[in-house]
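Below is one structure, written out as structure tokens; comments come after it.
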Amino acid sequence: MGPRLRGDDNVQQQAEIMLHSALINVMVKAARRAGRSLKRDLGEVEHLQVSLKGPANFVTKADQRAEEMLYDDLSKARPGYGFIGEEGGSREGADKSHTWIVDPLDGTTNFLHGIPHFAISIGLQREGTMIAGLIYNPANDDLYIAERGKGAFLNNQRLRVAARKRLGDAVIACGLPHLGRGDLALGNRELALVQPKVAGLRRFGAASLDLAWVAAGRFDAYWERQLSPWDIAAGLILVREAGGYVTDLEQGDTPWISGDVVAGNELMHRDILALLRAAAKS
């Protein structure tokens, strides 16, 4: 048995059950159970920062444990659906039209350092189209959900992307090339073009939350290259259901396949995309 819920937690979850569709309820229940495990593990990670051995092995096990929890809960609720997870790879199901795309711990480096900015990300794909998404940060209990045609929400409050029209007023999130990943020269060219034109650039280290924050209007736009499907799947539908645009750098509708993503309102998406294309040609 899992930990006993406090009274206010139980009330909150009962309210969610009443508000959400059966599909979203399945995703929320799975994410909250895995999230409780990750939150406990984060406490242990904070203690391990001072150890010479460090928390890396512990975090790997926490990541794997969370994915197995999510797989078990989602598979029981929707038998036969396929499952693609960061840790366990692809697991085919009898139902070939539905696939869960899951990152049990997006922002692993943050988690490893005890930084409470990480998330569980669950997307559901039906015949090549994302139809539902959930992003949950257990550290602060922010729960983002979206279902195709039904809008995007943060803790049951409706979301809309920011309405700013000028890059000079905008705060933009991005990914940065780092050790072992990314094209440093291209990244530097992109920064050189974007940085002088915006009010601020941010790199927070969790792609799913970057997309969720675009949906919530906290960021005006976001771009990153060389991501994996589980980094993008849930955030994509969140941004679109919040009225935003999400494409790859060729303006394709399936950035989870290409791994490159640009998101924002219509104008921000257009302007950032133009700068990134210029950087790629220079």
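The values are calculated or read from the model by the stated rules, or taken from the named source; none is laboratory data. Values in this document were obtained by computation on a predicted structure and should not be read as measured data. Neighbour counts run over all protein chains shown; Cβ positions are idealised from the backbone, glycine included. Ligands, DNA and RNA are excluded from the accessible area calculation, which covers all protein heavy atoms including side chains. Shrake-Rupley method; radii C 1.70, N 1.55, O 1.52, S 1.80 Å.
About its Cα centre, what dipole magnitude does region 227-282 give when the only charges are +1 on Lys and Arg Cβ and -1 on Asp and Glu Cβ, stated in debye to the nearest 20?
160 debye
Based solely on its DSSP helices, what 222 nm [θ] is calculated for the chain when runs of n ≥ 4 H residues each add -39,500 (n - 2.57) and the sum is averaged over all residues, nearest 500 deg cm²/dmol?
-13500 deg cm²/dmol
Hey, in the GNM for the chain with a 10 angstrom Cα cutoff, which one of 110, 57, 156 fluctuates hardest?
57
May I ask you to derive the FRET efficiency for residue 72 and residue 203 from their Cβ-Cβ distance with R0 = 30 Å, giving the value to the nearest 0.05?
Efficiency, from the Cβ-Cβ distance: 0.35.
Could you work out, for region 168-222, what percent of all Cα-Cα pairs fall into each 10 Å distance bin, beginning at 0 Å and stopping at the bin that holds the largest distance?
24, 51, 24, 1
Assuming 0.36 nm per residue, please report the length gained on full extension of the stretch residue 23 to residue 163 beyond their Cα-Cα distance.
47.4 nm
Using 7 Å Cα-to-Cβ label points, what is the residue 250/residue 191 separation (nm, one decimal)?
2.8 nm
May I ask you to work out the translational diffusion coefficient for the chain at 25 °C, viscosity 0.890 mPa s, via Stokes-Einstein with Rh from the Kirkwood sum over Cα pairs, reported in whole µm²/s?
Approximately 128 µm²/s, per Stokes-Einstein.
What whole-number value in Å² describes the accessible area per residue of the chain for a 1.4 Å probe?
For the chain, the per-residue accessible area is 47 Å².
For residue 96, list the lysines whose Cα falls under 27 Å from its own Cα; do not include residues on the same chain fewer than 8 positions away.
Correct list for residue 96: 29, 76, 150.
Quick one: among 265, 25, 140, which has the greatest mean-square fluctuation in a GNM of the chain with alpha-carbon springs under 10 angstrom?
It is 140.
Expressed as a fraction of 2.2 N^0.38 Å, the rule-of-thumb size for a compact globular protein of N residues, what is the C-alpha radius of gyration of region 189-282? Write out the running numbers ahead of the final one.
Numbers: Rg = 12.0 Å, N = 94, 2.2 N^0.38 = 12.4 Å.
Against the empirical 2.2 N^0.38 Å value, I get 0.97 for region 189-282.
Compute the distribution of all C-alpha to C-alpha distances in region 123-216, in bins of 10 Å from 0, and list the percent of pairs in each, rounded to whole numbers.
Whole-percent P(r) values from 0 Å outward: 14, 35, 32, 19, 0.
Tell me, what is the FRET efficiency for residue 226 and residue 94 to the nearest 0.05, using R0 = 25 angstrom and their Cβ-Cβ distance as r? Let's see the in-between values first.
Details: r = 33 Å, r/R0 = 1.30.
After rounding to 0.05, the efficiency reads 0.15.
Roughly how big is the chain's charge dipole about its Cα centre, with Cβ charges of +1 (Lys, Arg) and -1 (Asp, Glu), in debye to the nearest 20?
Here the chain has a charge dipole of around 460 debye.
With springs only between Cα atoms under 10 Å apart, run a GNM on the chain and tell me which of 114, 244, 168 wobbles the most.
Looking only at 114, 244, 168, the biggest GNM fluctuation is shown by 168.
What is the Cα coordinate range of region 57-165 on the first, second and third principal axes, sorted by size from largest, in whole angstrom?
44, 38, 24
Ignoring ligands, DNA and RNA, please state the percent of accessible area on the chain from carbon and sulfur, probe 1.4 Å.
Values: 6850 of 13250 Å².
Here carbon and sulfur together make up 52 percent of the probe-accessible area.
What is the gain in length, in nm to one decimal, between residue 40 and residue 277 on full extension, counting 0.36 nm per residue of separation less the C-alpha to C-alpha distance?
Values: separation 237, 0.36 × 237 = 85.32 nm, distance 4.30 nm.
Full extension of this stretch gives 81.0 nm more.
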